[in-house]
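What follows is a set of notes on a single structure, which appears directly below.
Where a number appears in this text, it was derived from the coordinates with a stated rule and is not lab data. Computed from a predicted structure; not experimentally measured. As a convention, Cβ positions derive from the backbone with ideal geometry for all residues, glycine included, and neighbour counts pool all protein chains shown.
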Amino acid sequence: MSTTSSQLADDATPLDVLLVDAALTPARRFLPDRSTAKWAASLARRPRNTARRLGGLGAEAGRIVAGTSTVTPRRGDRRFTDAAWTDNPLLERLVQLYLAGGHTLDQLVTDADLDPRDRKRVGFLLENLVEALAPSNFPLVNPASAKAVIDTAGLSLVRGGSQLVKDLASSPRIPEMVDTSGFVLGENVAATPGAVVFHNEVLELIQYQPQSEEVYEVPVLVVPPTINKFYAIDLAPGRSLVEYSVQHGRQMFVISWRNPDARHADWNIDTYVRAILDALDAVEEISGSATTVLGGICSGGILASIAAAYLAGIGRQDRLAAVCLAVTVIDNHDAGTVSALTDPRLATLAKQRSARKGYLDGRALAEVFAWLRPGDLIWNYWVNNYLLGRRPPAFDILFWNSDTTRMTAGLHADFVDIAVDNSLTRPQGITVLGVPIDLGRITVDSYVAAGIADHITPWENCYRTTQLFGGTTRFVLSTSGHIAALVNPPGNPKATYHTNNDETADPKAWLNGAETHQGTWWADIGEWLNARCGELVPAPTDLGSVRLPVLAGAPGTYVMDK
């Protein structure tokens, strides 16, 4: 398990790389560069080794032609599951040549005398090239595509070609991943009953209707990501963390960020932390509680941590009952490809580009996210949409993923600086609202959740938060990816999570000593919160308060902004 998780972490792409790539476009990574030149020079300096590898490929090609090769796709490779790939001798040999060529390229990169940064750059370029050249990606060569052409008298390629033209006409220029026609906000996604009870220029605050006769007196305020909309935690009924929480006696308040545009270019971390504090004031006013559990998800978790440290810095940490973070990286040291795929020069260029526009376009981020896993998120849909002429599936997570938001230039610049400098790991590394930020001064209990298969926020980096906060931290590792770690309702027989009360500094040692539990971590955090959220009291019958009346029904108006 530790080897697998290490590989996943190495393949992950941290926040600063995502934000830099989104501003500069990920296409820059697909072009030969100085690292590619170093790789070619290294191969030239070692001609015998290079010739040995190429000779091995030639010998394997001979066996393939003779029909004696044992090269087969790896187990679970969905590209070549159609029986025709093995039943047809020509297709079988084509796949074997493709796999043998890809393996040889991997060996040539491994053999080269390159530093880790250059090796990662070259590996990324070649990996994407090999993925693109898969025989399954070509019309008529793919047996399913050929069959679809015959069955539809060519209409499958006509439909696919029309969809390709449409997708290339506007950002993000990637295959459509989801059929959005069946989803309606407030009806079958983001549908948990509630109301907007406070709003300002930056956010709307949603209070959810209790679904139990009693509630715990201490409420929970959740800060969602600033690069996607809030309802990842309120997807379809039965798959909603918000719904689960209110059904189990939790008083839930969730922030819904405004989708900013060029007018809001100057909004920065100060702006967003101030908005969180305004929302906290509203939660205290409505609930009557002097303390609140402050939660944060992904980039929202960074902001929530800063807000908690700000309160500690001004002597008002007494307003917090606890802090909860999910899929949040604060310590970016060795976060996957950080050292390989970005540098201060590129970071500066990215900030300048978003400053000229006034914001970072969420569609650009969607394109970056897709190219992190090209096999699953690009070529899989390339085959389905263009070669087979089919509509993509209707899936609530992918609907949420396609509902993109913008990020203000000011916040974009602050996040890039924080990630590149790793400044939150140092006491007083940044100053927010005039207060030096020291995460070590957060001494309330904290709960940190991560996903072992997360390719955006590596779990090892999420784990390091346990060493940054000053209080007692419970770390829980879900056996899932970035969003699946959040959308983890009860009832999934395959769902598990890991816990270990020994918060050693080494995440791999923590995992080796961890206990595996069946079920969802939702139940675990529920029990943890129960011990920190006071007594059970009668559930409020009305939402809002006299001073802060209901403004609109959930999910509000900001979430509708495009």
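Projecting the Cα positions of 300, 328, 389 onto the charge dipole of segment 265-403 (unit charges on Cβ atoms of Lys, Arg, Asp and Glu, taken about the Cα centre) puts 389 furthest along the positive direction. Note on the chain: with charges restricted to the Cβ of Lys and Arg (+1) and Asp and Glu (-1), its dipole about the Cα centre is near 2300 debye. Axis of helix 362-372 versus longest Cα principal axis of the chain: the two differ by about 50°, to the nearest ten degrees.
Looking at the square roots a ≥ b ≥ c of the eigenvalues of the Cα gyration tensor of segment 195-299, which shape do they give, rounded for a/c under 1.5, prolate if a/b is larger than b/c, or oblate? Since a/c reaches 1.5 but b/c is at least a/b, the shape of segment 195-299 is classed as oblate. Only helical runs count toward this figure. For the chain, summing -39,500 (n - 2.57) over DSSP H runs of n ≥ 4 and dividing by all residues gives -12500 deg cm²/dmol at 222 nm.
Name the shape class, rounded, prolate or oblate, that the alpha-carbon gyration tensor gives for segment 133-174, where a ≥ b ≥ c are the square roots of its eigenvalues, rounded holds for a/c under 1.5, and otherwise prolate holds if a/b is larger than b/c and oblate otherwise.
Details: a/c = 4.34, a/b = 1.50, b/c = 2.89.
Taking the square roots of the gyration eigenvalues as a ≥ b ≥ c, segment 133-174 is oblate.
Projected label points at residue 184 and residue 44, each 7 Å from Cα along the beta carbon direction, are separated by 6.5 nanometres. Computed over segment 239-383, the range of Cα coordinates on each principal axis works out to 52, 35, 34 Å, biggest value leading. Placing +1 on the Cβ of every Lys and Arg and -1 on the Cβ of every Asp and Glu, with no other charges, gives segment 472-562 a dipole of roughly 300 debye about its Cα centre. Of the residues 370, 101, 265, the one whose Cα sits farthest toward the positive end of the charge dipole of the chain, with +1 on the Cβ of Lys and Arg and -1 on the Cβ of Asp and Glu, is 101. Between the residues 72, 134, 154, the greatest Cα displacement towards the positive end of the dipole of segment 54-156, with unit charges on the Cβ of Lys, Arg, Asp and Glu, is found for 154. Can you give the charge dipole size of segment 350-489 about its Cα centre, rounded to the nearest 20 debye, using +1 on the beta carbon of Lys and Arg and -1 on the beta carbon of Asp and Glu? The dipole magnitude comes to about 340 debye. Local charge for residue 157 was computed over the other residues whose Cβ lies under 14 Å away, with Lys and Arg +1 and Asp and Glu -1, and equals +2.
Using the Cβ of residue 226 as centre and a radius below 12 Å, the other residues enclosed give a net charge of +2, where K and R count +1 and D and E count -1. If the Kirkwood radius is taken over C-alpha pairs of segment 33-120, then at 25 °C and 0.890 mPa s the Stokes-Einstein diffusion coefficient equals 168 µm²/s. Fully extending the segment from residue 90 to residue 107, taken as 0.36 nm per residue of separation minus the present Cα-Cα distance, adds 3.5 nm. Relative to the dominant Cα principal axis of the chain, helix 47-66 is inclined by about 70°.
Once fully extended, how much extra length lies between residue 141 and residue 65, figured as 0.36 nm per residue of separation less the alpha-carbon to alpha-carbon distance? Present the calculation step by step, with values, prior to reporting the outcome.
On the way: separation 76, 0.36 × 76 = 27.36 nm, distance 1.82 nm.
That works out to 25.5 nm of additional length.
Of the GluC sites (Glu not before Pro) found in segment 471-530, the ones in coil according to DSSP and having at most 16 other Cβ atoms within 10 Å of their Cβ are 503. Mind running the shape call on segment 49-175? Use the C-alpha gyration tensor, a ≥ b ≥ c as the square roots of the eigenvalues: rounded below 1.5 for a/c, prolate if a/b tops b/c, oblate otherwise. Cα axes put segment 49-175 in the oblate bin.
For segment 104-210, the Cα gyration tensor yields ellipsoid semi-axes of 41, 30, 13 Å (square root of five times each eigenvalue, largest first, whole Å). Taking other residues whose beta carbon is less than 12 angstrom from the beta carbon of residue 49, and scoring Lys, Arg as +1 and Asp, Glu as -1, yields +3.
To one decimal place, what Kirkwood hydrodynamic radius in Å is obtained for the chain from all pairs of distinct Cα atoms? If you can, show how the numbers build up before the last one.
Details: mean 1/r = 0.0396 Å⁻¹.
It works out to 25.3 Å.
For segment 324-427, the spread of Cα positions along the three principal axes, ordered from largest to smallest, is 53, 31, 30 Å.
Taking every lysine pair in the chain that is 8 or more places apart or spans two chains, those with Cα atoms closer than 28 Å amount to 14. Taking Cα atoms, how many degrees apart are the long axis of helix 15-24 and the longest axis of the chain, rounded to 10 and kept between 0 and 90? In the chain, helix 15-24 runs at an angle near 70 degrees to the longest axis. Across segment 444-562, Cα-Cα pairs farther apart than 23 Å form 46% of the total.
Fully extending the segment from residue 352 to residue 508 would add 52.3 nm, taking 0.36 nm per residue of separation and subtracting the current Cα-Cα distance.
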